[in-house]
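One structure is given here, and the rest of the page talks about it.
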Amino acid sequence: MTVLDKFTDYLKLGFYFEAHELLETELWEKGNKDPKNLYYKGLINAAAAMELIKRGKKEQGKKVWKTYLKYKIDSFYEVNHRVEKQYEKTLKL
């Protein structure tokens, strides 16, 4: 199982904070020279957006979500699809 698989599993379970922490420690902090680092930053922000929404801060969550959209890389279709599907579910909370 890859880190990104575990990340999306955490999202599916509603463990948004844990998903955020996982990527921050496993990929983003270690990948400062990795060209995908901004994508990881976007995913971290996607998890943060869902956590904000879960905590009742929907408008703040929507603003943070825009960072994910800004850094999204289309070639990561499967990960993006799972993240965006969970975001749509989270908005309905």
Normalising by the residue count of the chain, find the relative contact order in percent from Cα pairs under 8 Å and 6+ residues apart. 28
Quick one: accessible area per residue over the chain, 1.4 Å probe, rounded to a whole number of Å²? 62
Can you list the HN-Hα couplings for the range 48-63, worked out from phi with the Karplus curve (6.51, -1.76, 1.60; θ = phi - 60°), rounded to whole Hz and with x for Gly and Pro? 5, 4, 5, 5, 4, 4, 4, 7, x, 10, 4, 5, 5, x, 5, 5
When the chain is fully extended, how far beyond the present Cα-Cα distance does K57 get from N37, taking 0.36 nm per residue of separation? 4.5 nm
Helix 3-12 against the longest principal axis of the chain: what's the angle in degrees, Cα atoms only, rounded to the nearest 10? 0
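Please list 52-58, 4-10, 33-39 highest first by mean number of surrounding beta-carbon atoms within 10 Å per residue. Before the final figure, lay out each step's value.
Details: 52-58: 15.4, 4-10: 18.4, 33-39: 13.7.
Result, highest mean Cβ count within 10 Å first: 4-10, 52-58, 33-39.
How high is the relative contact order of the range 1-49, given as a whole-number percent (alpha carbon pairs under 8 Å, six or more residues apart)?
Details: 40 pairs, mean separation 18.8, N = 49.
Once normalised by length, the contact order is 38 percent.
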Calculated from backbone phi, Karplus (6.51, -1.76, 1.60) coupling profile of the range 80-93 in Hz, x at Gly/Pro: 4, 4, 5, 5, 5, 4, 5, 4, 4, 5, 5, 4, 7, 5
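Carbon and sulfur together cover what percent of the accessible area of the chain at a 1.4 Å probe radius?
54
The values are calculated or read from the model by the stated rules, or taken from the named source; none is laboratory data. What you are looking at is a predicted structure, and each value in this text was computed from that prediction instead of being measured. Neighbour counts are summed over all protein chains in view; Cβ atoms, including those assigned to glycine, are modelled from backbone coordinates with ideal geometry. Only protein heavy atoms, including side chains, enter the accessible area calculation; ligands, DNA and RNA are left aside. Shrake-Rupley method; radii C 1.70, N 1.55, O 1.52, S 1.80 Å.
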